[in-house]
């Protein structure tokens, strides 16, 4: 199913294009249409993104839900040229990180909570996995909120999880203290052209009512592979030298190959080195 040519097309059309299946529409507005037609943007015009606009969008994003009002997410707006260059050097497979007019790093922050305990004289007794998990999730929520806010003013974005490939160096560039860690980078800029919308697994595979139901998972993956191959096929093959050059090269083959090779094996050690216990 091709996507609508008109951005103002009904929400039902955008959802059909995204999922290859009809989704019942009960409410409709421009916010929902904008979210439904989201796409990652990696190419931008030379037009600058004002620092004050990035600050404004960051403030809006940080109004997102916060677990127990702990407020454990931070945003680092990387504005200085030397800082940008240092981070771009750590992201060789993401050249848009160097080219994008704006770049931010979203961080989880458990440091503030620990300092609150010191200031109030109360023991920090929950030093286990949840102390890491909560700020990581909150940083993800804030990142998603920032993307929606940015798109509402016409900006395009591209999240970069590869910021976690070399966390020690990223932390050093950004001056992150103990218990503060990078979750994702984000390129921001004014889009320079059209980018095709990436289809998603149909809701039957990912939306559940009352109880998880994965009975149709294999069929859902096969259906998505076939639809994705028509609408937006995976172009770059991973390591044919290791896995063979058989065709077709589907989404599921790509994802299986990706996680058939070690990635970020030092992430857990880094998280422990900055003070987290993951019991």
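The values are calculated or read from the model by the stated rules, or taken from the named source; none is laboratory data. Here the structure is a predicted model, which means the values were calculated and not measured. Ideal geometry is used to build each Cβ from the backbone, glycine not excepted, and the neighbour counts take in all protein chains shown.
For residue 186, state whether it is under 26 Å from residue 94 (Cα atoms) and assigned to a loop (DSSP other than H, G, I, E, B). It would help to see each step written out before you state the result.
Numbers: under 26 Å from residue 94 (Cα atoms): yes; assigned to a loop (DSSP other than H, G, I, E, B): no.
Answer is no for this residue.
Filter the stretch 34-51 for residues that are in a helix (DSSP H, G or I) and closer than 23 Å to residue 182 by Cβ and give the result.
Of everything in the stretch 34-51, just one residue is in a helix (DSSP H, G or I) and closer than 23 Å to residue 182 by Cβ, namely 51.
Does residue 54 count as part of a helix (DSSP H, G or I), surrounded by 14 or more Cβ atoms within 10 Å (Cβ to Cβ) and touching a helix residue (DSSP H, G or I) at 6+ places or on another chain (Cβ under 6 Å)? Write out each step before concluding.
Numbers: part of a helix (DSSP H, G or I): yes; surrounded by 14 or more Cβ atoms within 10 Å (Cβ to Cβ): yes; touching a helix residue (DSSP H, G or I) at 6+ places or on another chain (Cβ under 6 Å): no.
It is false that residue 54 is part of a helix (DSSP H, G or I), surrounded by 14 or more Cβ atoms within 10 Å (Cβ to Cβ) and touching a helix residue (DSSP H, G or I) at 6+ places or on another chain (Cβ under 6 Å).
Across the stretch 139-154, what is the total count of residues that are outside any helix (DSSP H, G or I) and crowded, with 22+ Cβ neighbours inside 10 Å? Write out each step before concluding.
At the first step, the residues of the stretch 139-154 found to be outside any helix (DSSP H, G or I) are 153-154.
This time we only want the ones that are crowded, with 22+ Cβ neighbours inside 10 Å, so: none.
So the count comes out to 0.
Which pairs do you get when a residue that is at positive phi and surrounded by 14 or more Cβ atoms within 10 Å (Cβ to Cβ), found in the stretch 107-134, comes within reach of a residue that is assigned to a strand (DSSP E or B) and modelled with pLDDT of 95 or more, reach meaning Cβ atoms under 7 angstrom, with the pair 6+ apart or on two chains?
Going by the 7 Å Cβ cut-off, there are no qualifying pairs.
Go through the stretch 112-138 and give me each residue that's in a helix (DSSP H, G or I) and more than 17 Å from residue 275 (Cβ to Cβ). Give the derivation first.
Narrowing the stretch 112-138 to residues in a helix (DSSP H, G or I): 112-120, 129-138.
Residues satisfying the conditions are 119, 120, 137, 138.
With the condition being within 30 Å of residue 109 (Cβ to Cβ) and within 23 Å of the chain's Cα centre (by Cα), I'd like the helices (runs of 4 or more DSSP H) fully within the stretch 213-279 carrying at least 2 qualifying residues.
Values: elements: 217-231, 240-243, 251-258, 267-273.
Hits in the stretch 213-279: 267-273.
Scan the stretch 202-230 residue by residue and report those that are closer than 11 Å to residue 19 by Cβ, in contact (Cβ under 8 Å) with a residue 24 or more places away in the chain and touching a helix residue (DSSP H, G or I) at 6+ places or on another chain (Cβ under 8 Å).
Of everything in the stretch 202-230, those that are closer than 11 Å to residue 19 by Cβ, in contact (Cβ under 8 Å) with a residue 24 or more places away in the chain and touching a helix residue (DSSP H, G or I) at 6+ places or on another chain (Cβ under 8 Å) turn out to be 202, 203, 204, 224.
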